[in-house]
Amino acid sequence: MGRSLYLTSAGLAVLLSVALWPGGVDLGAAPGSPAGQRADLAPAAGGDAETRRALLDRYCVSCHSERLKTGDLVLEGLDTANVGPGAELWETVVRKLQSGLMPPVGMPRPEQAAMDSFIMSLERALDQAGAANPNPGRPVAHRLNRTEYSNAVRDLLHLDIDGAAMLPADDQGFGFDNIGDVLTVTPGLLERYLVAAQKISRLAIGDPTLPVSVEQYDLPHLTLRQEDRMSEDLPFGSRGGIVFQHAFPVDGEYIIKVRLQRNAISLGSALRGLHRENLIDVRVDGHRVQTFTVGEPKDDAGQSVVGASELEKDGDKHLDVRLSLRAGPRTIGVTFQQENWEFEGVGPARLPVSSYGHTAGKSLSNGDYGKIRAGVDHVQVVGPMNGLRPAETPARERIFVCSPAAVAEEEACARRIISTLARRAYRRPVTGDDVELLYAFYQGGRSQGDFDAGIQAVLKRVLTDPEFLVRIEDQPENAPAVYPVSDIELASRLSFFLWSSIPDDELLKVAEDGRLRRPDVLRGQVMRMLADEKASALVNNFFGQWLWTRNMKTLRPDRFQFPDFDENLRQAFLRETELFLQSQIREDRPITELLTADYSYLNERLAEHYDIPDVVGSHFRRVSLPGARRAGILGHGSVLTVTSYGNRTSPVVRGKWVLENLLNTPPPVPPANVPPFPDGEGVADLSVRQRMEEHRKNPVCAACHAKLDPLGFAFENFDAVGRWREQDGRSRIDPSGAFPDGGKFDGPATFRQGLMEHRDLFLGTVAEKMLTYALGRGTEYYDMPAVRAIARDVAGRDYRWSALIMGIVNSQPFQMRRRS
């Protein structure tokens, strides 16, 4: 790839355009069928073809004929012996039949055995056609999304950055934000990359000329109860507060400013909880550096020494700590001393939390009960003052693989640093041209400063290089129609799939040696990577988007309808699902446990919300679930809340979630001018189900809602924040319904049983969703043979997650590529 020097956003745009379209690579076009497709190589199925034709003629063609074309689908006269030319249409037929959507309920349907035989026969023919004409697709040039960029910087430089503060959010495609087709590059984004590279390079090197800056770490103002220990990184016997990681760029002086929560402006914006004294503890890396006392001091007679109004106005202005700190990442903790005798763990039940957040066992006196306690609002880190270049930080140790003792040694050391840095950033062996280009940047920086200034200029250039910002796979000369990607490219596919980041040195070395495709080596690398803490990216990015739980961070349930919902509960919802999914991968559990697991991870706040007794303390631990109502992810508060509206449940949204994410049968786009959901005084006493039945009386609404609503009704016992209930308004809840194929259920437990009867469809859905995420592109009809092969293999290996992940890694779409 040709390269040129550049320093401006315009130059970066030119270089990115060269990178994104090398040799005619099409960034925007979806992969299609290769020219000269030889579907005739697929063997005719003989008797199978005749049987397929007979079933279609009897049950399908009456609607899907040339005359009616119901659903724009014509099956009349279609060649059932040679399915290759019509593979895209036949894959649609398979999906409709598997989900039970066709034939529609109420129309003549074949016996289930005949239906299953038809589907298996058609799938077999499609798989044979796919094997005869392999098409692994052709991923487009893939810009790193914001998460991948942040993780890549972390692993390249051992420096954590706030990607959300530096770069805009990415668009989603096919449910994920790592889809190459939608990861566009705009002039505004190019400017952001340049600014980010400037800041990151200065932080990583430790530039002593950095200006004084203020970084603020906020807590939710009114919705976070600071009654318990907030983190494992805060001391036992503490309550409330905040803990965070902060990268101190240079050795120098810094000020840590603590500010407390205030009442809403309508209540005078006064500091809260100062009716009593509070001891505040400030720590750096676990070591106490300062304590403060805030609150209403009293004399020996119990009389206030300072006026309440003065205290409530300025009572936190003195909470500043000035420290001399060495550069590097530090853990800052600010918390209050707790006064309680409760223990944490699974133990005897205690009195419930009151509406003010007080718990039995707290030391309350002098009429304090019911008053809100003091809490931290935000912490600022100000600095550096009198900054000095650091001798050692994790970032400098990562970058400076050598250190010149004299000017004569600088060139050799600079070239060594450049080679090491570029190899990791570009995710491939470096060439002489790579080194020479970057060395020119070193010389420019060195001419204006010292050796470190030269390396800083190199780092800034690397962070804006298209080979860092974009995943580009080169096409060999005279490549066949379908060819394997290189080991180096496979290493990047693997690391961005499992880590959302760049390959580490071990993976890159194995790829450079040409050993990555050896089955034992590849499996060993996958297992090693899954055991690494960086594999948490798979939970946060794949599962968080597939299951919609990432949306939990921004939802705002109606505080009048759900006054008990607060920030603690939001965080508990997220933590429960995160710990559960991490355990699924770490322990290599069966995938079906997503639906059936009889355990979860709870703390006291969440257990109370779920009406599960004997869980005490803020620490999360594995808890066996009583009964079957909350089994699997379908009982998680996170899933139940993201599939609701802010003020009520939504059978439509929940039904859509099931169809899309569990049964891989997304409903059609709703028509224009849909009548509004019945609301207002006339229906205020009706349950959501009764109002949905009124809504379905409109013929415009009935067709779609007949598929969506019944699946959503299964969860009506859970309100819009996941709390169990027996009534909706004045009506007793009816959670009964039916699957698209007519199978009945009468609540969450039998609904899960019904899903387990469709486990192969569920497994295929999980496989297709994860393959989409792994490839960074939407799956196409020609990927379905690979999806089915993966699902069959996983079913034969006890449905284990490791079997699914290895199946994807070994699949043709993951390891191969179609020529452009």
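Points worth noting:
- In the complete set of protein chains, residue-level accessible area for Asp162 is approximately 90 Å², probe 1.4 angstrom.
- Projected label distance in nm at Val674 and Glu397, using a 7 Å step from Cα toward the beta-carbon: 5.5
- Ligands, DNA and RNA aside, Cys402 has an accessible area near 20 Å² when probed at 1.4 Å.
- Using a Förster distance of 41 Å, the FRET efficiency for Tyr483-Glu409 (Cβ separation, nearest 0.05): 0.35
- Between Phe176 and any residue 5 or more places off or on another chain, the built amide H atoms are never under 5 Å apart.
- Under the criterion of Cα pairs below 8 Å and six or more residues apart, the relative contact order for the chain equals 15 percent.
- The alpha-carbon atoms of region 562-629 define a convex hull whose volume equals 94 cubic angstrom per residue.
- Estimated vicinal HN-Hα couplings, Hz - region 475-481 in sequence order (Karplus 6.51, -1.76, 1.60; Gly, Pro = x): 9, x, 5, 6, 5, x, 4
- Pairwise Cα distances in region 217-286 exceed 17 Å in 54 percent of cases.
- Cut-off under 5 Å, modelled amide H: who pairs with Asp377 long-range: Arg259, Leu260, Gln261
- For region 631-787, pairs of C-alpha atoms spaced more than 22 angstrom apart make up 45 percent of the total.
- The mean sequence distance of close C-alpha pairs (under 8 Å, at least 6 residues apart), as a share of the length of region 41-128, puts its relative contact order at 38 percent.
- Using alpha carbons only, the radius of gyration of the chain set against its Kirkwood radius gives Rg/Rh = 1.00.
- All C-alpha to C-alpha distances of region 127-242, sorted into 5 Å bins beginning at zero, yield P(r) values of 2, 8, 12, 13, 12, 13, 13, 10, 6, 4, 2, 3, 1, 0 percent in whole numbers.
- Ratio Rg/Rh, restricted to region 392-535 and using Cα atoms, in which Rh is the Kirkwood radius: 1.03
- Paramagnetic reach from Thr331 (point 7 Å along Cα→Cβ, amide N under 12 Å) across region 233-264: 233-236, 243-246
- Over region 499-542 - Rg/Rh using Cα atoms and the Kirkwood inverse-distance radius: 1.00
- Net charge, Gln812 excluded, C-beta distance under 11 Å - Lys, Arg +1, Asp, Glu -1: +1
- Divide the volume of the convex hull around the Cα atoms of region 728-820 by the residue count and you get 143 Å³ per residue.
- Listed peptides 714-724, 603-613, 71-81 appear in the order 714-724, 603-613, 71-81 once ranked by packing, highest mean of other Cβ atoms within 10 Å at the front.
- Panel note: the C-alpha atoms of region 476-519, placed on their principal axes, show extents of 31, 21, 19 Å (largest first).
- For the chain, the Cβ-based charge dipole about the Cα centre amounts to some 380 debye (Lys, Arg positive; Asp, Glu negative; other atoms uncharged).
- Ranked by the mean number of other Cβ atoms within 10 Å of their residues, highest first, the peptides 751-764, 182-195, 107-120 fall in the order 751-764, 182-195, 107-120.
- Whole-Hz ³J(HN,Hα) from phi, Karplus 6.51 cos²θ - 1.76 cosθ + 1.60, for region 786-797, glycine and proline x: 5, 4, 5, 5, 4, 4, 4, 5, 5, 4, x, 10
- Take every Cα pair under 8 Å whose residues are at least 6 apart in sequence, average their separation, divide by the length of region 521-667, and the relative contact order is 24 percent.
- Karplus 3J(HN,Hα) series, Hz, for region 711-724 with 6.51 cos²θ - 1.76 cosθ + 1.60 (x for Gly, Pro): 5, x, 4, 4, 10, 5, 5, 9, 6, 6, 10, x, 8, 6
- Long-range HN-HN contacts of Leu625 with modeled amide H, under 5 Å: Tyr599, Ser600
- Distance (nanometres) between label positions extended 7 Å along Cα→Cβ at Ala114 and Asp72: 3.1
- Exposure of Val243 as accessible area (Å², to 10), given a probe of 1.4 Å and all protein chains: 40
The values are calculated or read from the model by the stated rules, or taken from the named source; none is laboratory data. From a predicted model like this one, the values you see are computed outputs, not experimental measurements. FYI the Cβ positions are ideal-geometry reconstructions off the backbone, even for glycines, and counts take in every protein chain you see. Areas reflect the complete protein model, heavy atoms only, side chains present, ligands, DNA and RNA absent. Shrake-Rupley method; radii C 1.70, N 1.55, O 1.52, S 1.80 Å.
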